[in-house]
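The values are calculated or read from the model by the stated rules, or taken from the named source; none is laboratory data. Source: prediction; values computed, not measured. Don't worry about glycine lacking a Cβ; one is built from the backbone with ideal geometry, like all the others, and counts go over all protein chains shown. Keep in mind that these areas ignore ligands, DNA and RNA; they rest on the heavy atoms of the full protein, side chains included. Shrake-Rupley method; radii C 1.70, N 1.55, O 1.52, S 1.80 Å.
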Amino acid sequence: AEESALLAEIGKTITSTLDIGEVYGRFASEVKKLVDFDRINVNVIDHDAGTFIFRYVSGVLQAGRRAGDIQELKGSQTERVLQTGRPLMRPDVAADVQFQVDETLLATGMVSSIMVPLKYQGRVIATLSLRSKKLGAYGDKEQAILERVADQIAPAMANAELFAQTRESEREMREAEERYQSIFDESKDPILVYSM
């Protein structure tokens with residue numbers, strides 16, 4: 001019952017606004033009540049560019065892996081989750097060093113990790129990743145909880161990303177209009193615009 005109530009709270013939190021940046025902190029604190037972690041991040045995938053961006057990061061810092069940083073998909077855990085469409089659980093990273101981030105991860109003291117895909121309309125759009133300094137921190141129970149969380153937040157994230165892209169397009173259009181207007185305002189010669 002407590003788990004269901006916390007999942008409902010996560011649902012309310014994540015859908016409270018289209019500006020998802022505003023709710024990530026509250027979202028992370030609700031997730032922590034269900035599954036403990038020392039670091040949490042959400043990676044949004046750019047399929048065309050072959051990269052992902054750390055959209056949200058909280059907890060233990062890692063060089064080159066802070067909010068806003070962009071990484072290549074190739075050779076990453078995010079790429080593996082994208083390819084398989086399935087969670088990636090690693091109870092002992094030291095016993096299974098295989099990704100570009102593993103040495104950095106171990107250097108920060110984090111020894112276990114779990115990453116789940118965030119899917120929207122059948123496509124992996126992002127990943128939710130938790131790291132822990134506790135060996136074997138994540139098992140089947142934690143995976144099941146995080147998969148339920150992922151199902152809740154993926155549609156809201158997709159809408160938030162679309163909202164952000166729309167705002168960016170509107171900003172670019174305003175800037176173009178301002179540049180176009182300045183051509184007219186600053187011209188010493190008359191300009192005539194007509195259509196046929």
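If you scan the range 92-105, which residues turn out to be open to solvent by 70 Å² or more (accessible area, probe 1.4 Å) and farther than 24 Å from residue 49 by Cβ?
95, 97, 103
Right, residue 61: open to solvent by 80 Å² or more (accessible area, probe 1.4 Å) and closer than 15 Å to residue 37 by Cα or not?
Considered against the rule, which asks whether it is open to solvent by 80 Å² or more (accessible area, probe 1.4 Å) and closer than 15 Å to residue 37 by Cα, residue 61 comes out as yes.
Going through the range 111-123 one residue at a time, which ones are open to solvent by less than 10 Å² (accessible area, probe 1.4 Å) and under 17 Å from residue 42 (Cβ atoms)?
Scanning the range 111-123 gives 113, 114, 115, 116, 118.
Can you give me the number of residues within the range 65-83 that are out of contact with any helix residue (DSSP H, G or I) (no Cβ under 8 Å at 6 or more places or on another chain), open to solvent by less than 40 Å² (accessible area, probe 1.4 Å) and closer than 20 Å to residue 111 by Cβ?
4
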